[in-house]
Amino acid sequence: MHISDGVLSAPVLAAGWIITAVFIALAIRWSKKKGIEVEVIPKLSVMTAVFFVVCLVHIPIGPTCVHFILAGLLGIILGILAYPAIFIGLVLQAFLFQFGGITTIGINTVNVGIPALIAYVIFQRGMKLELLSSRREFSAGVLGAIAGGLSVFLVAVFTAGALIASGEKFTGVAVAIVGAHIPVMIIEAIVVGFIITFLVRVKPEVIGSLGCDKK
Amino acid sequence: MKIKRVFAILALLLVLSCVSISEVSAHRLVIDREIGEIGVKAYFEGAGPCQDANVKVYDEEGNLYIEGVTDDNGYFGFPPKIGMEEYTVAVDAVHMPGHKAETVINLSQASVGAGAGSAGGIEMPLYTRIIAGFGYIIGLAGAAMAYVGWKLNKKYKGR
């Protein structure tokens, strides 16, 4: 979701920038500690490009118009690096498409980035615990679908939260945003599920933030 | 009887022609004044119109001049205020909370005649901007790769 300039209150905007700065700093520190692998950079770039473009795919539903987010996919594939990837994608969208505002980049990154990280944690934990099934492809697909769908839901909830924190009416906003995203949730769950199943079958080392999560 | 009817017709013709002659010679040109409306159209780029959005129009001093709601096509029209040249139009999407846009309409500027006032910056075709975005991403990736390469180089030269 892209919240425009002039909608949110100053404290919410400030909090958004602070959280974003902290997460980007963490991502940079973490990747330094692990040692940046050269092959991560193209992966990061490709996923940033995916996020950048996928937001242009609009689904008109009645009077609203929502778009895909794929935060879950970014999270599962990039791990904590999804956060800077989403930040770059949002910066480019704000400047090139006027999607969202400049002052709201911080909070918009929070709204999309944290669900992406949650999706990553759910996926990694689920895979490690072999929650669903010992068959890796199947459980990866299902976990991917759950994480993908949930990430959209969380993006909607976070966005609604940011608006409510700025004084919008609770029910109207919650219904409008979360309701409009239900179809996106379903479609993204299916898409992410299939993509993850495919990746696990073809190139499992892609999944996991730095490509060095050994299984 | 017959001759009477002929005279009557002749008389009628004379009257009619007189009437028409006076019309032809005078041809009074009348201008009815009608000041049209300033129209704005709100839409989501690459998608449909922005329906039922709250529109607020402010005058030069920033006072609220008119407010209303866009129709099914995202259109909202308002009559201009005599003597007022600049209007600020703010649109707030109701069905999509968090989406807001603002544009300034200046009547003394040429763009009004074409009926296409800009809404939020220069309009580039979508594909150009997508390519531009890819360009930036590739550029950033290149910079990151150069940095990593430089670091690796330093690391191995030091040994």
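Against the main long axis of the alpha-carbon atoms of chain A, helix A:40-54 sits at an angle near 40°.
Taking other C-beta atoms within 10 angstrom as a stand-in for reagent exposure, A:HIS181, A:HIS67, A:HIS2 fall in the order A:HIS67, A:HIS2, A:HIS181, fewest first. The long axis of helix A:82-96 is offset from the longest Cα principal axis of chain A by roughly 40 degrees.
Please give the Cα centre distance for the stretch B:49-96 versus the stretch A:1-48, rounded to the nearest Å. Centre-to-centre (Cα) distance: 36 Å.
First check a/c for the protein assembly as shown, with a ≥ b ≥ c the square roots of the eigenvalues of its C-alpha gyration tensor; if it is under 1.5, answer rounded, and if not, answer prolate when a/b is larger than b/c or oblate otherwise.
prolate
In the protein assembly as shown, helical runs assigned H by DSSP with n ≥ 4 each contribute -39500 (n - 2.57); averaged across all residues and rounded to the nearest 500, the mean residue ellipticity at 222 nm is -19500 deg cm²/dmol.
Angle of helix A:10-34 to the longest C-alpha principal axis of chain A, folded into 0 to 90 degrees and rounded to 10: 20°. Partner shielding of A:41-50 amounts to 4, given as the average count of beta-carbon atoms from other chains within 10 Å of each residue beta-carbon. With a bin width of 5 angstrom, please list the P(r) values of chain A as percents of all Cα-Cα pairs, from the 0 bin to the one holding the largest distance. Distribution as computed: 1, 8, 15, 20, 20, 16, 11, 6, 3, 0 percent.
The label-point distance for B:GLU67 and B:TRP150, in a model that sets each label 7 Å from Cα toward Cβ, rounds to 5.3 nm.
Only the coordinates and a few stated rules stand behind these numbers; no lab work does. Being a predicted model, the structure only gives us computed values, none of them experimental. Cβ sites come from the backbone with ideal geometry, for glycine too, and all protein chains shown count toward neighbours.
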